[in-house]
1. Inspect all residues belonging to the stretch 19-37 and state whether any of them is β-branched (Val, Ile, Thr), in contact with a strand residue (DSSP E or B) (Cβ under 8 Å, 6 or more places away or on another chain) and in a strand (DSSP E or B).
2. Within the set of pairs 6 or more residues apart or between chains, which connect a residue that is within 10 Å of residue 61 (Cα to Cα) inside the stretch 19-42 to a residue that is among the charged types (D, E, K, R) with Cβ atoms less than 6 Å apart?
3. So if I check each of 10, 70, 50, which one is within 14 Å of the chain's Cα centre (by Cα) and either at pLDDT below 95 or of a type in the set (Asp, Glu) (or both)?
4. For residues that are under 15 Å from residue 10 (Cα atoms), out of contact with any Leu (no Cβ under 7 Å at 6 or more places or on another chain) and of a type outside the set (A, V, I, L, M), tally how many sit in the stretch 22-45.
5. Among what's in the stretch 53-63 and is more than 11 Å from the chain's Cα centre (by Cα) and surrounded by fewer than 17 Cβ atoms within 10 Å (Cβ to Cβ), pick the residue that is nearest to residue 25 (Cα to Cα).
6. Can you go through 23, 40, 30 and tell me which one is in contact with a Ser or Thr (Cβ under 6 Å, 6 or more places away or on another chain), surrounded by 15 or more Cβ atoms within 10 Å (Cβ to Cβ) and either of a type in the set (Phe, Trp, Tyr) or under 26 Å from residue 4 (Cβ atoms) (or both)?
7. Within the stretch 14-53, count every residue that is touching a helix residue (DSSP H, G or I) at 6+ places or on another chain (Cβ under 7 Å) and closer than 23 Å to residue 67 by Cα.
Amino acid sequence: MTDSVYKVVELVGTSANSWEDAARNAIETAGRSLRDLRIAEIKKLDMKVENGRVTAFRSRVQLSFKYFNE
């Protein structure tokens with residue numbers, strides 16, 4: 001087994017439907033440019049409110065991915 005190094009980034013995903021969709025949007029978008037995603041941890045959930053109505057769900061996610069020595 002070799003030693004590994006991981007980077008952790010924080011992302012905020014949004015959705016008009018749910019916190020789950022917001023988190024999924026963050027991870028799937030990051031997955032288009034980052035490789036070997038490992039762990040996603042929900043750090044905070046909140047909502048955008050306009051005129052007394054919820055207009056968006058937001059999920060703050062910490063995501064780790066592996067660094068490769070090439």
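1. Scanning the stretch 19-37, I find no residue that is β-branched (Val, Ile, Thr), in contact with a strand residue (DSSP E or B) (Cβ under 8 Å, 6 or more places away or on another chain) and in a strand (DSSP E or B), so the answer is no.
2. 22/58
3. On inspection, the qualifying residue turns out to be 10.
4. Narrowing the stretch 22-45 to residues under 15 Å from residue 10 (Cα atoms): 22-31, 33-34, 37-45.
Now restrict to residues that are out of contact with any Leu (no Cβ under 7 Å at 6 or more places or on another chain): 22-25, 28-29, 33-34, 38-39, 41-45.
Now restrict to residues that are of a type outside the set (A, V, I, L, M): 24-25, 28-29, 33, 38, 41, 43-44.
Number of matching residues: 9.
5. Applying the first criterion (more than 11 Å from the chain's Cα centre (by Cα)) to the stretch 53-63 yields 53-57.
Okay, now just the ones that are also surrounded by fewer than 17 Cβ atoms within 10 Å (Cβ to Cβ), so 53-56.
Details: 53: 22, 54: 18, 55: 16, 56: 13 Å.
Applying the filter and picking the extreme gives 56.
6. 23
7. So the count comes out to 3.
The values are calculated or read from the model by the stated rules, or taken from the named source; none is laboratory data. This one's a predicted model, so the numbers in the text were calculated from it and none came from an experiment. Quick reminder, even Gly has a Cβ in these numbers, built from the backbone with ideal geometry, and neighbours come from all protein chains shown.
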